[in-house]
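Rule-based calculations on the coordinates, nothing more; no lab input. What you see is a predicted model, and the numbers here were worked out from it, not measured in a lab. Glycine also receives a Cβ, built like all others from the backbone with ideal geometry; neighbour counts cover every protein chain displayed.
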Amino acid sequence: MTDHPAIADRLNRISPSQTTAMRQRVQALKAEGRDVLAISSGEPDFDTPQHIKDAAVAAIQANQTRYTDIAGTPAIRRAVADKFRRDNGLDYAPEEILIGTGGKQVIYDALIATINAGDEVIIPTPCWVSYPDIVGLADGTPVLLPCGPNQTFKLLPEQLEAAITPRTKWLIVNTPSNPTGATYSARELRALSEVLLRHPQVMVLTDDIYEKLVFDGRQFATFVQVEPRLRDRTVTMNGCSKAYAMTGWRIGFGAAPRHLIKAMDKLQGQSTSNTCSIAQAAAVAALEGPQDATEAMRQVYEARRNRVVAALNDTPHLRCHLPEGAFYAFPDMTACLGRTTAGGTLIGSDLGFVFALLSEAGVATVHGSAFMFPGHFRISFAAADGLLDDACQRIRRFCEGLS
Ligand code: PLP
C-alpha cells in the first residue's frame, strides 16, 4: 500500500525520478545560500539557437496556437520523416511518425500501448532512470542485464540470447547511452540483430536521443538502418531536447510501423493529445534549418569530456572510462567504499558517496544505483568549463581526504 489511501497501488511500482530529486536538493541548498556546483543535470547548458526561437515567435504571430493532429502537424511529421531519411537512411511515411511531449512520452506511449501484465522487457544496465519505472507502470517485468566497464557498458549478443524467454516483449537499447556514453557501432548492432532475428516476438525500442553527440569521429548507427528486417517491430525514438538544446520545448518523435503508431496515437489522444503547437513549429525549423549550432555544441562536449575524464583519472580512488558519446562520465568509485571522509562520514555505498560529496565538497552528482548500477556515479559535462574544472578540483580534494 502507498502511504496515503488516496494513492493508487500502481504508484508503488515506481519511484520518483532520482535525477529530478537531486536537482531539487541542489535548488534547496542554493536557496539556503550554500555554494553548490551542480554537475548532476542531464540538459544542455546552451541556449536554443536563435533561428529556432524566431520560428516559435513567428508561429505565435501567425496564430498557430490551436490543437494539432494528436501525432503532430503534417509539417513536423514530414520534417521528421526527412530527418530519418537524410541522417539514418530510414524510409518512413509521415503516417509512421508520432510526435510526443518529449522523447519520454514516445517511450511511454510505446510501452504502455503494448505491454501486458507479466511481459518481460530486457534493459541493459546502467540504464536511463525511467525505463524500469515505465515498464513497471505497464505491469511489465524489467529484466535488467548488467553490462559493466569490462564490456564497455554494452550488451553482448550471448547475454541477449540467454535472457530471451517466451515472455520477452521488448529489448530497449539506448545509444549513445545515458549515463555511460556507450555508443554501439553498426557491427555491434548487427550482432545483436542476428539474435533478434531468431526471436520474432521481441520488439526493439531504440532510444537515439543523443544521436548527434558522438565523439572521436564515430559514425552513429541505429537498428533498422543496419538490419531492415527489424523494421516491422522497431520503434526508433529520437527528439530535439539534446541535439538542439530544447529540453523545455518538449519535442520527441518516434518512427514505427503503422499499427504501432496507431496504438500510440490512440493512447496519446486520451492523455496529452498533441504536444505544443508552437514547439512543433520551432522543431520544424530545428530539423530543416542549419545544423552548425548542433555540431558546434558537439565539439564543445567532446573537449569537455577530455578534460573531465583526464581530471577524474588523476584523482585517487576513482577510475573513469572514456565515454564515446552523450555528455556524461560514469566513474567507478568502488575503491572509495569502506573509507572515511575528512568530515568523518564512512562511505558505505554510491549514494553515501554522492551525499558526502554534496555536503562536504558542494558538488552535486547522481549515484550509480539510480541507473541500476551501483559502485559508480554520474557527472554531466553539460556545464561551463570553469564550473567543471572547479567541480573536478573539489572532487579530487574530497577523494584525497579519504582515509
Ligand atoms: N532518453 C534518455 C536516455 C534521456 O537521457 C532523456 C532525457 O534525459 C530522455 C530519453 C528524454 O528526453 P526528453 O527530454 O525529450 O523527454
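Kindly provide log₁₀ I(q)/I(0) values, in the same order as q = 0.10, 0.15 Å⁻¹, from the Debye equation applied to equal alpha-carbon scatterers of the chain. Scattering profile of the chain, log10 relative to I(0): -0.68, -1.46. Look at the alpha carbon pairs under 8 Å that are at least 6 residues apart: their mean separation over the length of the stretch 250-377 gives a relative contact order of 14 percent. Each residue of the stretch 288-305 is assigned a 3J(HN,Hα), and the resulting list reads 9, x, x, 9, 5, 5, 4, 5, 5, 5, 4, 5, 5, 4, 5, 5, 5, 4 Hz, derived from the Karplus form 6.51 cos²θ - 1.76 cosθ + 1.60 (θ = phi - 60°), x at Gly and Pro.
The Arg167 and Arg218 beta-carbon pair, evaluated with R₀ = 22 Å, returns a calculated FRET efficiency of approximately 0.05. Of the beta bridges in the stretch 66-288, as assigned by DSSP with both residues counted there, near 30 percent are antiparallel. Cβ-Cβ distance of Lys262 and Leu322, R₀ of 30 Å, FRET efficiency by 1/(1 + (r/R0)^6): the value works out to about 0.10. For the stretch 144-303, a/c is not less than 1.5, where a ≥ b ≥ c are the root eigenvalues of the C-alpha gyration tensor, and a/b does not top b/c. That puts it in the oblate class.
Computed from Cα atoms, the angle from the helix 102-112 axis to the main principal axis of the chain rounds to 70 degrees. The stretch 315-381 and the stretch 130-150 have Cα centres separated by 22 Å. Put simply, the amide H of Asn174, placed in the peptide plane, has neighbours under 5 Å in Asp207, leaving out anything fewer than 5 places away on its chain.
The trypsin sites (Lys or Arg not before Pro) of the stretch 1-40 that DSSP puts in a loop, and whose beta carbon has at most 13 other beta carbons within 10 Å, are Arg34. Between the stretch 55-119 and the stretch 187-206, what is the C-alpha centre distance in whole Å? Value for the Cα centre distance between the two parts: 24 Å. Within the listed set Asn238, Asn12, Asn274, the Gaussian network model of the chain (springs between alpha-carbon atoms below 10 Å) gives the highest mean-square fluctuation for Asn12. Starting from one equal scatterer on each C-alpha and no solvent at all, send me the Debye-based log10 I(q)/I(0) for the stretch 290-394 at q = 0.17, 0.21 Å⁻¹, two decimals. After summing over all Cα pairs, the log10 values are -0.77, -1.12. For the stretch 66-288, relative contact order (Cα pairs under 8 Å, six or more residues apart, normalised by length) works out to 29 percent. Would you mind classifying the stretch 63-117 by shape? Square roots of the alpha carbon gyration tensor eigenvalues, ordered a ≥ b ≥ c; an a/c under 1.5 is rounded, otherwise it is prolate if a/b is larger than b/c and oblate if not. It is oblate, given that a/c is not under 1.5 and a/b is not larger than b/c.
Contact order, relative form, for the chain: 22 percent (alpha carbon pairs under 8 Å, 6 or more residues apart, mean separation divided by residue count).
Backbone phi angles across the stretch 202-213, fed through the Karplus curve with coefficients 6.51, -1.76 and 1.60 (θ = phi - 60°), yield HN-Hα couplings of 8, 8, 10, 10, 9, 9, 9, 4, 9, 3, 6, 10 Hz in residue order; Gly and Pro are listed as x. To the nearest 10 degrees, how steep is helix 18-31 against the longest Cα principal axis of the chain, on a 0 to 90 scale? Between helix and principal axis, roughly 60 degrees. Summarised as an ellipsoid, the stretch 353-393 has semi-axes of 19, 13, 6 Å, derived from the eigenvalues of the Cα gyration tensor scaled by 5 and square-rooted, with the largest first. Structure remark: mean-square fluctuation, Gaussian network model of the chain, C-alpha springs under 10 Å; the largest value among Gln64, Gln151, Gln159 belongs to Gln151. Spacing of the modelled spin labels on Gln201 and Ala342, each 7 Å from Cα toward Cβ, amounts to 5.7 nm.
Calculated mean residue ellipticity at 222 nm for the chain: -11500 deg cm²/dmol, from DSSP H runs with n ≥ 4 weighted as -39500 (n - 2.57), summed, divided by the residue count and rounded to 500. Lysine pairs in the chain 8 or more apart or on different chains: how many have alpha carbons under 24 angstrom apart? Lysine pairs satisfying the spacing and distance rule in the chain number 20.
Report the residue, chosen from Gly42, Gly217, Gly239, that carries the largest GNM mean-square fluctuation when the chain is represented by alpha-carbon nodes joined by springs under 10 Å. With Cα springs under 10 Å in the chain, the top fluctuation among Gly42, Gly217, Gly239 is at Gly217.
Note on Ser273 and Asp9: the model spin-label points, each 7 Å out from Cα along the C-beta direction, lie 3.4 nm apart. Helix 385-400 and the long axis of the chain differ in direction by around 50°, with both axes built from C-alpha atoms. Remark on Phe377: its backbone amide H falls under 5 Å from those of Met333, Gly368, a criterion applied only to residues 5 or more positions apart or on other chains, H modelled at 1.01 Å from N. Among the chymotrypsin sites (Phe, Trp or Tyr not before Pro) within the stretch 170-247, not one is in coil by DSSP while having at most 12 neighbouring Cβ atoms inside 10 Å.
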